[in-house]
Structures are given as C-alpha cells and as structure tokens.
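Colleague: What follows is a structure written as structure tokens; I'll ask about it next.
The values are calculated or read from the model by the stated rules, or taken from the named source; none is laboratory data. These numbers come from a predicted model, not from an experiment. Positions of Cβ are backbone-derived with ideal geometry, glycine not excepted, and every protein chain shown enters the neighbour counts.
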Amino acid sequence: MSAARRFWTRFVVGRLIRLVVLVPLVAASAFTLLSISPIDPVRAYVGDRANKVGPEQAALIAAKWGLDQPPLVRLEKWAGNVVRGDLGNSMIFRAPVADVLTERVRASLALMALAWIFSGLIGFALGILAGAFEGTWLDRAIRAYAFVLASAPTFWAAILLLVVFAVELQWAPFCCAGPPGMAIGEIGIADRLAHLALPAATLSLLGVAQVTLHTRDKLREVMASDYAMLGFAQGLGRLAVALRHGLRNAAVPALMLQFSHLGELFGGSILAETVFAYPGLGQATVLAGTRGDAPLLLGIAIFAAFFVFAGNTVADLLQHLLDPRQRRFAEIET
C-alpha cells in the first residue's frame, strides 16, 4: 500500500472513530446538564396553567413523557430509540423531533450560509487591504475594526442593529422569518431576504474579524518575500503585488479558517435568532433548554456535533488537498 493510500485510510478511519466517540459524549453531556438543572419539565410543559394542575395531573403528564423514570433509564431508552432511527417527540412542539429539526435546520442553514459567505468575502477583502498597506491609516483602521468586532458580544450587536435599522430607520423587519400571519409556503423570496437581512448582517459582521486578521498576517509574509520584492522592482504597486502573489497564498488558509469556525457560527446564530425572534434552530435550542424538552435538546445537540465535526473535517481535508507540503509531511509520518 502506498504512503498516500495509507494516509487517507488512517484519516478516514480516525475521523469515523472520533465521530463515534463524540456523538454519545455530546448527548450524555447535554442530558446530564438538563437533568441537574432546576427546571421542572412538567411545570414548564403546562406553562401558565401550572397553578391549576394538581398532583394527579402532574403525575399523568410525567408518566406520558417518561419523566417519572430515573434519568439513566430515560437516557438508555432514548439511546435505544435513536439507534432504531427514532429521535422521540418534542414536548414543546408536540411533534416528532426529526420533523422539528428538518423545519428549523432549513431556516437556520439559510441564515448561516449567508453569514458564512459574506463574512468570508468581507473579511478576506479587508485582510488583503490591511496586509497590502501595512502600517498605513487604512491598516490601522481595519485592525481597529476587527478588534472591536472580535470583542463585541453577539447579542449586543444584534440589539444595536435592531434598534438602528428596524426601530429607528425602519429599513428592515424587526422579527420573524416572514410577515406575521403569513404561512411559510406563501412567503416570497423578497420577504425572506428582508427578514434574513439583520440576523445575517449580525453574524457576518462578527465573523469578519478572525478572517481579516488571519489574512492580513499571511499577506504580510507574502509582501516580505523575494518574489514580492521582484514585483516592486518591476514597478508594480503594493495592491498589484498583493493581488498577483498574495491571493492564492492567503485564500487557502482563510477558507480553512471559515470551515473550522462553523461551531462559532452556530453559537452566534443561537443568540442572533433569539434577539430577532427568527424561527430557526437557535431559537429552538433556547426553548428546549429553558423548558426542559430533553428529546428536542438532545436532537439539536447531535445535529450540532455533526455540524461542527463536518466543518472541522472539511477544513482538514482542504489543508491536505490544497497544501501539498502538509500532505507530504503527513504521508512521511505514516
């Protein structure tokens, strides 16, 4: 077996082993945290009618959802159902968890995809400019912008955009995924994009910082290289040298960084969707956690584990496929 085949075999097997170990650990951790939380699932289930529900009714509700059983028994029963392809039923939405996830994931992926694309493009462009004109006022302004965004909480940026553009200027809707009262199938593309604008802008602005700073550092190395000096000697300007010699060198690390930060994007979407009342997976996560909906929360935890794992795996694949030096080094180690 060649060195390359041995490397890719070890890569695939290693990733599968990690996934098999990761998913049960994530599910067990989420269930443990929910079990030790002070939230009473029965009281959260009945909501405002909690004072009107007697002990007998509370016991019936607990028995219906299996809440009268010990936590380990509930976890074991849930795991057995998952192995058979059944994620259970959501207490909040009173529907199969798989159906809730399908609907909510579709909305969240549209939001995260827009934010992922725009944050990558804007961050890469700003990083190229900052690296090409290192030490100038433009570089200092871009770095200051990136540092401010890197330290800004997601909910703070979301509230700021909501107040300015939705409340004061009234340029964008202030909540939801479409006009209130309209069925999902009736919402047009223009309305969907209008309601996606502020949540996507929030995630895009906050995701710009790391790509900007990382791209700037990579381009600084390029601008100090011998072939960049040759370009300067030929009369090329700093931006021309950066575009000719720096794009390829900086693009691959920036793309890998984008994929490896899908976990942060998912976490930011939870806060953004909560502020804008956007009916995606983030809002469902908050509802499941605050109302003790164990089946839904565990289903979301499994999806999040797969989502982040996929992003990290794609980032590693790109590193080995697009950077021959990394692949040759890994093949030698195997």
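Colleague: Go over the candidates 293, 323, 316 one by one and state the one that is at pLDDT 85 or above and of a type in the set (Asp, Glu).
Modeller: Values: 323 fails: at pLDDT 85 or above; 316 fails: at pLDDT 85 or above.
Being at pLDDT 85 or above and of a type in the set (Asp, Glu) holds for just one of 293, 323, 316, which is 293.
Colleague: Sort out which residues of segment 56-109 are among the β-branched types (Val, Ile, Thr) and not in a helix (DSSP H, G or I), and write them in order of number. So that I can check it myself, show each step before the final result.
Modeller: First pass over segment 56-109, keeping only residues among the β-branched types (Val, Ile, Thr): 61, 73, 82-83, 92, 97, 100, 102, 105.
Hit for segment 56-109 is 92, nothing else.
Colleague: crowded, with 23+ Cβ neighbours inside 10 Å and either at pLDDT below 85 or farther than 18 Å from residue 121 by Cβ (or both) - does that describe any residue in segment 227-237?
Modeller: Looking only at segment 227-237, we keep the residues that are crowded, with 23+ Cβ neighbours inside 10 Å, and these are none.
Checked segment 227-237: no residue is crowded, with 23+ Cβ neighbours inside 10 Å and either at pLDDT below 85 or farther than 18 Å from residue 121 by Cβ (or both).
Colleague: Suppose we filter segment 265-296 for residues that are among the polar types (S, T, N, Q) and in contact with a Gly (Cβ under 7 Å, 6 or more places away or on another chain); how many remain? Walk me through it before giving the result.
Modeller: Going residue by residue through segment 265-296, those that are among the polar types (S, T, N, Q) are 269, 274, 283, 285, 290.
Retained after the next criterion (residues that are in contact with a Gly (Cβ under 7 Å, 6 or more places away or on another chain)): 269, 274.
Residues meeting the conditions: 2.
Colleague: Same structure again: Could you identify the single residue in 219, 257 that is under 19 Å from residue 139 (Cα atoms) and in contact (Cβ under 8 Å) with a residue 40 or more places away in the chain?
Modeller: Numbers: 257 fails: under 19 Å from residue 139 (Cα atoms).
Being under 19 Å from residue 139 (Cα atoms) and in contact (Cβ under 8 Å) with a residue 40 or more places away in the chain holds for just one of 219, 257, which is 219.
Colleague: Another question about this same structure. With (1) under 30 Å from residue 308 (Cα atoms); (2) part of a helix (DSSP H, G or I) as the list, and residue 175 as the residue in question, which single condition is left unmet?
Modeller: It is condition (2) that residue 175 fails.
Colleague: Continuing with the same structure: Restrict the check to segment 149-165 and report whether at least one residue is surrounded by fewer than 15 Cβ atoms within 10 Å (Cβ to Cβ), at pLDDT 85 or above and hydroxyl-bearing (Ser, Thr, Tyr).
Modeller: no
Colleague: Is there a residue in segment 288-297 that is of a type outside the set (Asp, Glu) and within 11 Å of the chain's Cα centre (by Cα)? Reasoning before the result, please.
Modeller: Restricting attention to segment 288-297, the residues satisfying the condition of being of a type outside the set (Asp, Glu) are 288-292, 294-297.
Among the residues that remain, those that are also within 11 Å of the chain's Cα centre (by Cα) are: none.
The answer is no, given that none of the residues of segment 288-297 is of a type outside the set (Asp, Glu) and within 11 Å of the chain's Cα centre (by Cα).
Colleague: Tally time: how many residues in segment 112-133 are touching a Ser or Thr at 6+ places or on another chain (Cβ under 6 Å) and not polar (S, T, N, Q)?
Modeller: Here is the first cut: in segment 112-133, the ones touching a Ser or Thr at 6+ places or on another chain (Cβ under 6 Å) are 112, 115, 118-119, 123-124, 126-127.
Now narrow it down to the ones that are not polar (S, T, N, Q): 112, 115, 118, 123-124, 126-127.
Count: 7.
Colleague: Test residue 103 against the stated conditions and say whether it is of a type in the set (Asp, Glu) and farther than 30 Å from residue 231 by Cβ.
Modeller: Numbers: of a type in the set (Asp, Glu): yes; farther than 30 Å from residue 231 by Cβ: yes.
The answer is yes for residue 103.
Colleague: Output the number of the condition that residue 109 fails; it satisfies all remaining conditions of (1) out of contact with any helix residue (DSSP H, G or I) (no Cβ under 7 Å at 6 or more places or on another chain); (2) more than 18 Å from residue 282 (Cβ to Cβ); (3) of a type in the set (A, V, I, L, M, F, W, C); (4) surrounded by 13 or more Cβ atoms within 10 Å (Cβ to Cβ).
Modeller: Residue 109 satisfies every listed condition except (2).
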